[in-house]
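Novice: Below you'll find the structure I mean.
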Amino acid sequence: MARPVPVDQAIPQPEVSVVVTVFDEAGSLDELYRRTTAALEGRDYELIFVDDGSSDGSFAAIERFHAADDRVRGVRLKRNFGQHPAMHAGLVRAGGEIVVTMDSDLQNPPEDLPKLVAAVEAGYDVASGRRVARRDSWGRTLPSRLINGMLRRFTRVDISDFGCAFNAYRRDAVEPVLGAIGKQKFTKALVLSTGASVVEVDVGHAARADSSRYSPLRLVRTALSVLAGFWPQPIQWIGLALGAVCTLGAFALGCWGVFYWIDRSNFPGPLFGGVAILFVLGVQGFILALVGEYLGRIQRDVSGRPLYTVEREL
(Lines give C-alpha, C1' and ligand atoms only; values in the text may rest on other atoms or scores of the structure.)
Protein backbone atom coordinates (compact mmCIF):
# COMPACT_ATOMS: atom_id res chain seq x y z
CA MET A 1 0.00 0.00 0.00
CA ALA A 2 1.41 3.34 -1.02
CA ARG A 3 1.31 5.87 1.82
CA PRO A 4 -0.33 9.17 0.84
CA VAL A 5 1.94 12.08 0.07
CA PRO A 6 3.03 13.59 3.42
CA VAL A 7 1.18 16.70 4.52
CA ASP A 8 3.04 19.86 3.57
CA GLN A 9 3.97 21.40 6.89
CA ALA A 10 4.02 24.86 5.25
CA ILE A 11 0.27 24.63 4.73
CA PRO A 12 -1.74 25.48 7.85
CA GLN A 13 -3.25 22.29 9.25
CA PRO A 14 -6.55 21.98 11.12
CA GLU A 15 -6.60 21.70 14.87
CA VAL A 16 -8.83 18.62 14.83
CA SER A 17 -9.23 15.79 12.32
CA VAL A 18 -12.28 13.55 12.64
CA VAL A 19 -11.92 10.16 10.95
CA VAL A 20 -15.26 8.47 10.29
CA THR A 21 -15.35 4.87 9.07
CA VAL A 22 -18.40 4.11 6.92
CA PHE A 23 -19.93 0.85 5.77
CA ASP A 24 -23.46 0.83 4.32
CA GLU A 25 -24.64 3.80 6.39
CA ALA A 26 -26.24 5.98 3.72
CA GLY A 27 -29.35 6.42 5.85
CA SER A 28 -27.49 7.98 8.79
CA LEU A 29 -24.79 10.06 7.08
CA ASP A 30 -26.82 13.25 6.65
CA GLU A 31 -27.73 13.33 10.33
CA LEU A 32 -24.15 12.43 11.28
CA TYR A 33 -22.74 15.27 9.17
CA ARG A 34 -25.24 17.79 10.56
CA ARG A 35 -24.65 16.87 14.20
CA THR A 36 -20.86 16.58 13.84
CA THR A 37 -20.44 19.98 12.21
CA ALA A 38 -22.71 21.53 14.85
CA ALA A 39 -20.63 19.97 17.64
CA LEU A 40 -17.40 21.34 16.13
CA GLU A 41 -18.71 24.81 15.36
CA GLY A 42 -16.11 27.46 16.08
CA ARG A 43 -13.19 25.05 15.70
CA ASP A 44 -10.71 24.58 12.88
CA TYR A 45 -11.34 20.99 11.77
CA GLU A 46 -11.56 18.52 8.91
CA LEU A 47 -13.87 15.55 8.41
CA ILE A 48 -12.38 12.48 6.73
CA PHE A 49 -14.96 9.90 5.67
CA VAL A 50 -13.56 6.47 4.74
CA ASP A 51 -16.05 4.36 2.80
CA ASP A 52 -15.11 0.74 3.45
CA GLY A 53 -16.61 -0.70 0.27
CA SER A 54 -20.25 0.29 0.85
CA SER A 55 -22.85 -0.87 -1.65
CA ASP A 56 -25.73 1.40 -0.62
CA GLY A 57 -24.64 4.76 -2.04
CA SER A 58 -22.79 5.98 1.05
CA PHE A 59 -19.99 7.47 -1.04
CA ALA A 60 -22.51 9.52 -3.03
CA ALA A 61 -23.49 11.24 0.22
CA ILE A 62 -19.81 11.84 1.02
CA GLU A 63 -19.34 13.38 -2.43
CA ARG A 64 -22.27 15.67 -1.74
CA PHE A 65 -20.77 16.80 1.56
CA HIS A 66 -17.41 17.39 -0.11
CA ALA A 67 -18.94 19.51 -2.87
CA ALA A 68 -20.66 21.75 -0.33
CA ASP A 69 -17.97 21.87 2.38
CA ASP A 70 -14.23 22.08 1.74
CA ARG A 71 -13.54 20.73 5.21
CA VAL A 72 -14.83 17.32 4.11
CA ARG A 73 -12.50 14.74 2.57
CA GLY A 74 -13.48 11.33 1.29
CA VAL A 75 -11.75 8.01 0.64
CA ARG A 76 -13.44 5.04 -1.00
CA LEU A 77 -11.83 1.62 -0.65
CA LYS A 78 -12.23 -0.91 -3.45
CA ARG A 79 -13.94 -3.45 -1.23
CA ASN A 80 -14.78 -4.08 2.40
CA PHE A 81 -11.44 -4.51 4.21
CA GLY A 82 -12.71 -4.08 7.78
CA GLN A 83 -12.99 -1.30 10.31
CA HIS A 84 -9.36 -1.07 11.36
CA PRO A 85 -7.79 -1.00 7.87
CA ALA A 86 -10.37 1.68 7.00
CA MET A 87 -9.39 3.58 10.13
CA HIS A 88 -5.75 3.39 9.05
CA ALA A 89 -6.68 4.93 5.69
CA GLY A 90 -8.12 7.91 7.54
CA LEU A 91 -5.40 8.25 10.16
CA VAL A 92 -2.56 8.48 7.62
CA ARG A 93 -4.43 11.29 5.87
CA ALA A 94 -5.32 13.26 8.99
CA GLY A 95 -3.53 16.58 9.37
CA GLY A 96 -4.79 17.71 12.77
CA GLU A 97 -2.79 17.68 15.99
CA ILE A 98 -5.78 15.96 17.59
CA VAL A 99 -7.36 13.05 15.74
CA VAL A 100 -10.79 11.73 16.65
CA THR A 101 -12.03 8.34 15.44
CA MET A 102 -15.69 7.42 15.28
CA ASP A 103 -18.13 5.10 13.53
CA SER A 104 -20.87 6.39 11.29
CA ASP A 105 -23.75 4.47 12.85
CA LEU A 106 -24.59 7.15 15.46
CA GLN A 107 -24.38 4.71 18.36
CA ASN A 108 -22.14 7.33 19.97
CA PRO A 109 -23.53 10.90 19.86
CA PRO A 110 -21.35 13.40 17.97
CA GLU A 111 -22.31 15.95 20.63
CA ASP A 112 -19.69 14.31 22.88
CA LEU A 113 -16.87 15.26 20.49
CA PRO A 114 -15.93 18.44 22.42
CA LYS A 115 -15.45 16.43 25.63
CA LEU A 116 -12.95 14.11 23.97
CA VAL A 117 -11.04 16.95 22.32
CA ALA A 118 -10.95 18.93 25.57
CA ALA A 119 -9.45 15.93 27.41
CA VAL A 120 -6.55 15.74 24.95
CA GLU A 121 -6.08 19.51 25.11
CA ALA A 122 -5.81 19.14 28.90
CA GLY A 123 -2.61 17.14 28.39
CA TYR A 124 -3.56 13.50 27.87
CA ASP A 125 -2.34 11.51 24.86
CA VAL A 126 -5.58 9.54 24.55
CA ALA A 127 -9.15 10.38 25.53
CA SER A 128 -10.78 6.96 25.66
CA GLY A 129 -14.51 6.84 25.11
CA ARG A 130 -16.36 4.86 27.77
CA ARG A 131 -19.88 3.87 26.80
CA VAL A 132 -22.21 4.53 29.72
CA ALA A 133 -25.62 2.92 30.10
CA ARG A 134 -24.94 0.51 27.25
CA ARG A 135 -28.14 -0.68 25.65
CA ASP A 136 -26.80 -3.64 23.73
CA SER A 137 -28.06 -7.16 24.33
CA TRP A 138 -26.17 -9.57 26.59
CA GLY A 139 -24.97 -11.29 23.42
CA ARG A 140 -22.81 -8.22 22.74
CA THR A 141 -22.01 -7.00 26.25
CA LEU A 142 -20.80 -10.36 27.61
CA PRO A 143 -18.16 -10.92 24.88
CA SER A 144 -17.17 -7.27 25.22
CA ARG A 145 -16.52 -7.74 28.94
CA LEU A 146 -14.46 -10.86 28.32
CA ILE A 147 -12.30 -9.17 25.68
CA ASN A 148 -11.90 -6.03 27.81
CA GLY A 149 -10.69 -8.17 30.70
CA MET A 150 -8.12 -9.89 28.51
CA LEU A 151 -6.84 -6.60 27.15
CA ARG A 152 -6.55 -5.08 30.62
CA ARG A 153 -4.52 -8.10 31.68
CA PHE A 154 -2.17 -8.17 28.70
CA THR A 155 -1.68 -4.42 28.09
CA ARG A 156 -1.64 -3.55 31.81
CA VAL A 157 -3.76 -0.50 31.06
CA ASP A 158 -6.65 -0.14 33.49
CA ILE A 159 -9.47 1.18 31.33
CA SER A 160 -12.92 -0.35 31.11
CA ASP A 161 -13.87 -0.05 27.43
CA PHE A 162 -11.26 -0.99 24.84
CA GLY A 163 -13.95 -1.68 22.24
CA CYS A 164 -15.35 1.84 21.95
CA ALA A 165 -14.29 3.34 18.60
CA PHE A 166 -15.13 6.90 19.72
CA ASN A 167 -11.75 8.22 20.91
CA ALA A 168 -9.43 11.19 20.58
CA TYR A 169 -5.66 10.91 20.14
CA ARG A 170 -2.75 13.27 20.14
CA ARG A 171 -0.99 12.90 16.79
CA ASP A 172 2.36 12.13 18.47
CA ALA A 173 0.77 9.15 20.24
CA VAL A 174 -0.61 7.59 17.05
CA GLU A 175 2.34 7.99 14.68
CA PRO A 176 4.64 5.37 16.33
CA VAL A 177 2.08 2.59 15.74
CA LEU A 178 0.68 3.60 12.35
CA GLY A 179 2.42 0.67 10.71
CA ALA A 180 0.63 -1.80 12.99
CA ILE A 181 -2.84 -0.23 12.90
CA GLY A 182 -5.09 -2.20 10.61
CA LYS A 183 -3.03 -5.37 10.77
CA GLN A 184 -4.76 -6.26 14.02
CA LYS A 185 -7.81 -5.15 15.92
CA PHE A 186 -8.07 -2.74 18.85
CA THR A 187 -6.29 0.39 17.63
CA LYS A 188 -6.72 1.99 21.04
CA ALA A 189 -4.95 -0.89 22.78
CA LEU A 190 -2.05 -0.57 20.33
CA VAL A 191 -1.61 3.12 21.11
CA LEU A 192 -1.91 2.61 24.86
CA SER A 193 0.60 -0.26 24.82
CA THR A 194 3.33 2.27 24.00
CA GLY A 195 2.83 4.02 27.35
CA ALA A 196 0.58 6.85 26.16
CA SER A 197 -1.26 8.66 28.95
CA VAL A 198 -5.00 8.07 28.95
CA VAL A 199 -8.16 9.36 30.56
CA GLU A 200 -11.59 7.81 30.17
CA VAL A 201 -14.41 10.10 29.05
CA ASP A 202 -18.03 9.03 29.41
CA VAL A 203 -19.88 9.07 26.09
CA GLY A 204 -23.46 8.21 25.27
CA HIS A 205 -24.52 5.01 23.60
CA ALA A 206 -27.60 3.97 21.67
CA ALA A 207 -28.22 0.40 20.57
CA ARG A 208 -29.00 -0.32 16.94
CA ALA A 209 -32.18 -2.15 16.12
CA ASP A 210 -30.32 -4.34 13.61
CA SER A 211 -27.20 -5.01 15.68
CA SER A 212 -26.21 -8.63 15.45
CA ARG A 213 -24.99 -10.70 18.34
CA TYR A 214 -21.50 -12.01 18.68
CA SER A 215 -21.41 -15.51 17.25
CA PRO A 216 -19.29 -18.07 19.11
CA LEU A 217 -16.91 -18.20 16.13
CA ARG A 218 -16.48 -14.43 16.09
CA LEU A 219 -15.81 -14.40 19.83
CA VAL A 220 -13.13 -17.09 19.48
CA ARG A 221 -11.48 -15.29 16.54
CA THR A 222 -11.45 -12.01 18.46
CA ALA A 223 -9.96 -13.73 21.51
CA LEU A 224 -7.23 -15.28 19.36
CA SER A 225 -6.50 -11.88 17.86
CA VAL A 226 -6.06 -10.41 21.34
CA LEU A 227 -3.81 -13.27 22.45
CA ALA A 228 -1.63 -13.11 19.35
CA GLY A 229 -1.40 -9.34 19.39
CA PHE A 230 -0.95 -8.48 23.05
CA TRP A 231 0.13 -11.52 25.07
CA PRO A 232 3.91 -12.02 25.13
CA GLN A 233 5.08 -15.63 24.72
CA PRO A 234 1.61 -17.24 24.73
CA ILE A 235 2.77 -20.57 23.31
CA GLN A 236 5.23 -21.07 26.15
CA TRP A 237 2.67 -20.18 28.80
CA ILE A 238 -0.01 -22.39 27.28
CA GLY A 239 2.47 -25.24 26.96
CA LEU A 240 3.39 -24.92 30.64
CA ALA A 241 -0.27 -24.72 31.64
CA LEU A 242 -1.15 -27.71 29.48
CA GLY A 243 1.68 -29.77 30.97
CA ALA A 244 0.71 -28.84 34.53
CA VAL A 245 -3.00 -29.52 34.04
CA CYS A 246 -2.44 -32.84 32.27
CA THR A 247 0.10 -33.99 34.85
CA LEU A 248 -2.10 -33.10 37.83
CA GLY A 249 -5.17 -34.53 36.10
CA ALA A 250 -3.41 -37.79 35.36
CA PHE A 251 -2.14 -38.03 38.94
CA ALA A 252 -5.61 -37.34 40.38
CA LEU A 253 -7.32 -39.83 38.09
CA GLY A 254 -4.66 -42.43 38.83
CA CYS A 255 -5.12 -42.03 42.58
CA TRP A 256 -8.88 -42.19 42.27
CA GLY A 257 -8.61 -45.31 40.08
CA VAL A 258 -6.37 -47.03 42.61
CA PHE A 259 -8.82 -46.38 45.45
CA TYR A 260 -11.71 -47.44 43.24
CA TRP A 261 -9.88 -50.66 42.38
CA ILE A 262 -9.09 -51.38 46.04
CA ASP A 263 -12.73 -50.80 46.99
CA ARG A 264 -14.44 -52.59 44.11
CA SER A 265 -11.67 -54.66 42.52
CA ASN A 266 -12.34 -52.92 39.20
CA PHE A 267 -10.36 -50.10 37.59
CA PRO A 268 -12.51 -48.06 35.09
CA GLY A 269 -9.57 -47.27 32.86
CA PRO A 270 -11.26 -46.89 29.46
CA LEU A 271 -13.71 -44.25 30.71
CA PHE A 272 -11.15 -42.01 32.33
CA GLY A 273 -8.68 -42.62 29.55
CA GLY A 274 -11.20 -41.40 27.02
CA VAL A 275 -12.03 -38.27 29.05
CA ALA A 276 -8.33 -37.45 29.46
CA ILE A 277 -7.64 -37.90 25.76
CA LEU A 278 -10.56 -35.68 24.77
CA PHE A 279 -9.43 -32.97 27.18
CA VAL A 280 -5.89 -33.00 25.87
CA LEU A 281 -7.10 -32.92 22.27
CA GLY A 282 -9.31 -29.94 23.05
CA VAL A 283 -6.44 -27.96 24.53
CA GLN A 284 -4.19 -28.93 21.63
CA GLY A 285 -6.87 -27.71 19.24
CA PHE A 286 -6.86 -24.31 20.95
CA ILE A 287 -3.07 -24.13 20.74
CA LEU A 288 -3.22 -25.09 17.05
CA ALA A 289 -5.72 -22.29 16.42
CA LEU A 290 -3.43 -19.81 18.16
CA VAL A 291 -0.44 -20.99 16.14
CA GLY A 292 -2.58 -20.61 13.02
CA GLU A 293 -3.28 -17.01 13.97
CA TYR A 294 0.44 -16.32 14.24
CA LEU A 295 1.23 -18.07 10.97
CA GLY A 296 -1.54 -16.13 9.24
CA ARG A 297 -0.05 -12.84 10.42
CA ILE A 298 3.42 -13.88 9.30
CA GLN A 299 2.06 -14.93 5.91
CA ARG A 300 0.31 -11.59 5.43
CA ASP A 301 3.46 -9.67 6.33
CA VAL A 302 5.79 -11.78 4.19
CA SER A 303 3.51 -11.74 1.14
CA GLY A 304 3.51 -7.95 1.13
CA ARG A 305 -0.17 -7.72 0.25
CA PRO A 306 -1.63 -4.21 0.66
CA LEU A 307 -3.64 -3.55 3.79
CA TYR A 308 -6.28 -2.00 1.53
CA THR A 309 -6.58 -0.46 -1.89
CA VAL A 310 -8.14 2.92 -2.65
CA GLU A 311 -10.61 3.30 -5.47
CA ARG A 312 -11.18 7.03 -5.24
CA GLU A 313 -10.12 9.93 -3.07
CA LEU A 314 -11.70 13.34 -2.65
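Novice: Can you tell me how many residues within region 115-125 are in contact (Cβ under 8 Å) with a residue 60 or more places away in the chain, out of contact with any helix residue (DSSP H, G or I) (no Cβ under 6 Å at 6 or more places or on another chain) and buried (at least 16 other Cβ atoms within 10 Å of the Cβ)?
Specialist: Residues in region 115-125 being in contact (Cβ under 8 Å) with a residue 60 or more places away in the chain, out of contact with any helix residue (DSSP H, G or I) (no Cβ under 6 Å at 6 or more places or on another chain) and buried (at least 16 other Cβ atoms within 10 Å of the Cβ): 4 in total.
Novice: Has region 70-88 got at least one residue that is closer than 22 Å to V126 by Cα, in the same structural domain as V126 (by TED's automatic domain parsing), touching a residue at least 40 places away in the same chain (Cβ under 8 Å) and of a type in the set (G, A, S)?
Specialist: Filtering region 70-88 for residues closer than 22 Å to V126 by Cα gives 83-88.
Narrowing further to those that are in the same structural domain as V126 (by TED's automatic domain parsing): 83-88.
Next, from what is left, pick out any that are touching a residue at least 40 places away in the same chain (Cβ under 8 Å): 83-88.
Those left that are additionally of a type in the set (G, A, S): 86.
For region 70-88, residues closer than 22 Å to V126 by Cα, in the same structural domain as V126 (by TED's automatic domain parsing), touching a residue at least 40 places away in the same chain (Cβ under 8 Å) and of a type in the set (G, A, S): present.
Novice: Being of a type in the set (A, V, I, L, M, F, W, C) and assigned to a strand (DSSP E or B) is the filter; apply it to region 70-84 and report the residue that is nearest to V18 (Cα to Cα). Outline the logic, then answer.
Specialist: So the first thing to find is which residues in region 70-84 are of a type in the set (A, V, I, L, M, F, W, C), and the list is 72, 75, 77, 81.
Narrowing the set further to residues that are assigned to a strand (DSSP E or B) leaves 72, 75, 77.
On the way: V72: 10, V75: 13, L77: 18 Å.
Looking at residues that are of a type in the set (A, V, I, L, M, F, W, C) and assigned to a strand (DSSP E or B), I get V72.
Novice: Filtering region 46-68 down to residues that are modelled with pLDDT under 95 and not in a helix (DSSP H, G or I), which residue is nearest to I98 (Cα to Cα)?
Specialist: D52
Novice: I'm trying to understand the selection: among the residues of region 69-107, which are polar (S, T, N, Q), farther than 14 Å from Y45 by Cα and at pLDDT 90 or above? Show your work before the answer.
Specialist: Our first condition is that a residue be polar (S, T, N, Q); within region 69-107, this holds for 80, 83, 101, 104, 107.
Narrowing the set further to residues that are farther than 14 Å from Y45 by Cα leaves 80, 83, 104, 107.
Listed by number, the residues that qualify are N80, S104.
The values are calculated or read from the model by the stated rules, or taken from the named source; none is laboratory data. Note that the structure is predicted; figures quoted are calculated from it, not measured. All Cβ positions, glycine included, derive from the backbone under ideal geometry; neighbour counts span all protein chains shown.
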